[in-house]
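Heads up, the thing below is written out as structure tokens.
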Amino acid sequence: MYVDSGTVEDNIVYDQHVLVKMVYSNQCLERSSCQGTAAAVKNQDEEKEEQERRAIISRQANTSEKFYEKGDVDSKADGFEYTPKPKSALKKAQAKTTSAAVKNQDEEKKKQERRAIISRQANTSEKFYEKGDVDSKADGLEYTPKPKSALKRAQAKTTAAAVKNQDEEKEKQERRAIISRQANTSEKFYEKGDLEKLKEAKKTAAAKNQDKEKEKQERRAKKIEEARRIKIWEDKTLPTAKVIKIKDSTEHRERRVKIQGWVHHLRREGKKLLFIQLRDGTGYLQCVLTNLLSSTYEAITLTTESSVILFGKVMELPPGSHHKAPGDHELIVDYWELICGAPSGGTYYILDKKSNVDLQLDNRHIVIRGTNTSKNLKAASLVTQLIREHHLDRGYMEVHPPCIVQTKTEGGSSLFELQYYGKKAYLTQSSHLYLESVIAALGDVFSIQKSFRAEKSRTRRHLSEFTHIEAEFPFITFENLLEKIEDLVVSVCDRIKNPNNPLGQLVFEINPDFRTPRRPFKRMSYTEVIQYLKDNNFKKSDGTFYKLEDDISEGTERTMINKINEPILVCRFPAAIKPFYMKKCSDDPQLTESVDLLMPGVGENLGASMRIDNYDELIKAFIEKKIEPSTYYWYSDQRKFGSCAHGGYGLGLERFLIWILNLDHICDACLYPRILDRYKP
Ligand code: 4AD
């Protein structure tokens, strides 16, 4: 029912309109009943036609073709609902299907050709088809067909474009190379498109360079020729030169001297001035060569590391002089001779600052000529000398035990074995067993001797061969031993600082923070260290905490000592992790009267202990450590022939130097380091 909110008049007009519609519909009904019979006959024919159409439609469905108009044959394309058409229409449709199929084949071929083109376009990133022209999505599926000529044009265009692309790519690469060169030289002369100009400029520059190089070579050849003709000789009217070392130059100022050494640095100022920094191992001296002296063939071809003899007078630099020289003086040369030249570039002929560690170690014979390395070696010499001085000052006697031995001291795993006239022998791990044997003859003794450890450790503090400073003292207690260790360290440090010691200054040059540690040193028992490690969360490599009888790793030990940052005497190690000869603590036989001195930056620097002085106890210790006592008869005899309480220490010189000089690696403290896999030069 129609409900309107409008006026009454509006409703009346509407009713009349509905009435007209009803009359029209009745007329249609009558016409349809008259036509009923004829329609039944026609339906039979149409059923046949319908079947044919279904077959066509089914073919259409398979080829996805849509050539029937909507409402013309089968609007739902399901073969059931459609508007019948006259036979002629069916035939037309059949013909249309056939031609459409042929057309489809052609188009498929074209499509494939276009796909190939499009794929080539994709590779070269070209887009010469207009959007909607061939394949707007460039997927080869949706496109607006074009006449064949358009496709051919496109194909031709593609080929031309590909050739053009190759040329452009070549040009691009050339530009890139130029730009990269520009970036390195910071030149910005190249505008895009200026390639030809640039090429020309390059050619001219190269030609110019060649000319310049040729000119230079000619000039040099001429200069050398001229230089060869210059002869210099010693003026025999001058006073006879005194042979001196550089370190003695100050006291020989203004006297004619003769100094021999190596050219450390070289500087030319113009043709008539040549500065040589001479090195002779005792110091550096600036030497000035002028006029003819700097113009001879030897002078103009002189290289660093050449060896020379120089004659002249050492003169103090004038006050206010703007240039500096070692010792504030220079040798004004009046005659000189080249002893032996060196390859151009001197040490740089073999290596430079960027050379890797292995190359540097292979060429250590050259590296040691450098200022820093030679400083370290001089400091090592000084410290060795001061250590010796300390022991001699205390009245200890120096002895020289053998290095080739039959016995082991510190455990078998780190023994270097060798053949000694067909019999097995070892390189000594420590000389202290021999030192023990000497105390009854010489009293307090010491040795500075090489020790050897075949340890497969690649750490910054392990050497296979190191300099071992060992001392042994009869009639002492464990406390006396600890005091002797402190005495050694403090006394050597004080000697370094002594102003009467000219080389001491070197140590401060290398390590400005060098200080003498204060006595007494911090003392910790091994048990306390294990507790400290736990309290401070230091763990083993397996993630667990250290426990009693564990060996503390090199890394942990160093981190701990760096944290504490002062020397520590770690005492009373378990017998289980120490060598056979250490005396057991009287209050706990599981522990030994032993001590390791740990130093910041290096860790263990010295090992010491009291020795088992009872014969039976010693034999028991041999057996416990599975050592055959018979080869140690000379060692055990000490316990039979007037035994006494005694003990001693062993200090590693190179590790001590790491601490004193604050070095990074033990190799820096060593002349020719012997480390894992390295025994050259
Ligand atoms: O602690 P160690 O092994 O003790 C001994 O050899 C005892 N016989 C010494 C003695 O009581 N007379 O070694 C002593 C020191 C270490 O503290 C360390 O400084 C050094 O010798 N040392 C090494 N230095 C460099 N490389 C190695 N592989 C070293 N092994 C030990």
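Quick check on packing: order 535-543, 441-449 by the mean number of other C-beta atoms within 10 Å, highest mean leading. Working shown, then result.
Values: 535-543: 10.3, 441-449: 19.2.
So the peptides 535-543, 441-449, ranked by packing, come out 441-449, 535-543.
Under a 5 Å amide H to amide H cut-off, with H placed in plane at 1.01 Å, what residues pair with L266 once short-range neighbours are removed?
Q277
Carbon and sulfur together cover what percent of the accessible area of region 549-681 at a 1.4 Å probe radius? Let's see the in-between values first.
Working: 2730 of 5570 Å².
Whole-percent figure for carbon plus sulfur exposure: 49.
Let a ≥ b ≥ c be the square roots of the eigenvalues of the Cα gyration tensor of region 198-250; is it rounded (a/c under 1.5), or, if not, prolate (a/b larger than b/c) or oblate?
Values: a/c = 9.16, a/b = 2.71, b/c = 3.39.
Judged from the Cα gyration tensor, region 198-250 comes out oblate (a/c at least 1.5, b/c at or above a/b).
Leaving out ligands and nucleic acids, and using a 1.4 Å probe, what accessible area per residue does region 332-463 come to in Å²?
52 Å²
Which ³J(HN,Hα) values, rounded to whole Hz and listed in residue order, are derived for region 310-322 from phi using the Karplus coefficients 6.51, -1.76 and 1.60 in 6.51 cos²θ - 1.76 cosθ + 1.60 with θ = phi - 60°, glycine and proline given as x?
Coupling constants for region 310-322: 10, 10, x, 10, 7, 10, 5, 5, x, x, x, 4, 7 Hz.
Step through the table entries K111/K157; K423/K625; K378/K522; K522/K547, compare each Cα-Cα distance with 27 Å, and write down the pairs that go over it. If you can, show how the numbers build up before the last one.
Numbers: K111/K157 17 Å; K423/K625 24 Å; K378/K522 31 Å; K522/K547 22 Å.
Flagged as over cut-off: K378/K522.
Using θ = phi - 60° and the Karplus relation 6.51 cos²θ - 1.76 cosθ + 1.60, list the HN-Hα couplings for region 373-378 in order, rounded to whole Hz, with x at every Gly or Pro.
5, 5, 4, 4, 5, 5
Quick one: putting +1 on the C-beta of Lys and Arg, -1 on the C-beta of Asp and Glu, what dipole do you get for region 350-439 around its Cα centre, in Debye to the nearest 20? Walk me through the numbers before you get to the answer.
On the way: 11 positive and 9 negative charges, 58 e Å.
Taking the Cα centre of region 350-439 as origin, the dipole is about 280 debye.
If DNA, RNA and ligands are ignored and the probe is 1.4 Å, what is the ranking of C667, C403 by accessible area, most exposed first?
Working: C667 10, C403 40 Å².
Per-residue accessible area, sorted high to low, gives C403, C667.
Run the paramagnetic zone check for Q385: 7 angstrom along Cα to Cβ, then residues of region 264-287 with backbone nitrogen under 14 Å.
Those under the cut-off are 281-283.
At 0.36 nm per residue, and after removing the present C-alpha to C-alpha distance, how many nm does the segment from W634 to Y348 gain when stretched out fully?
97.5 nm
What are the ³J(HN,Hα) values, in whole Hz, obtained from phi via the Karplus relation 6.51 cos²θ - 1.76 cosθ + 1.60 with θ = phi - 60°, for each residue of region 433-444 in sequence order, with x given for Gly and Pro?
Per residue, the Karplus-derived 3J(HN,Hα) values read 4, 5, 4, 4, 6, 8, 4, 6, 9, 10, x, 5 Hz.
Which of rounded, prolate or oblate describes region 539-681 when judged by the alpha-carbon gyration tensor and an a/c cut-off of 1.5?
Working: a/c = 2.01, a/b = 1.51, b/c = 1.33.
In terms of gyration-tensor shape, prolate.
Taking all protein chains in place and a 1.4 Å probe, what share, in percent, of the accessible surface of region 453-545 do carbon and sulfur account for?
On the way: 2300 of 4820 Å².
For region 453-545, the apolar C and S fraction of the accessible surface comes to 48 percent.
Classify region 479-534 as rounded, prolate or oblate, taking a ≥ b ≥ c as the square roots of the eigenvalues of its Cα gyration tensor: rounded when a/c is under 1.5, otherwise prolate if a/b is larger than b/c and oblate if not. Spell out each step's value before the answer.
On the way: a/c = 4.59, a/b = 1.95, b/c = 2.35.
It is oblate, given that a/c is not under 1.5 and a/b is not larger than b/c.
The values are calculated or read from the model by the stated rules, or taken from the named source; none is laboratory data. What you see is a predicted model; the values in this text were computed from it and never measured. We place every Cβ from the backbone using ideal geometry, glycine too, and count neighbours over all the protein chains shown. Heavy atoms of the whole protein, side chains included, go into the accessibility calculation; ligands, DNA and RNA do not. Shrake-Rupley method; radii C 1.70, N 1.55, O 1.52, S 1.80 Å.
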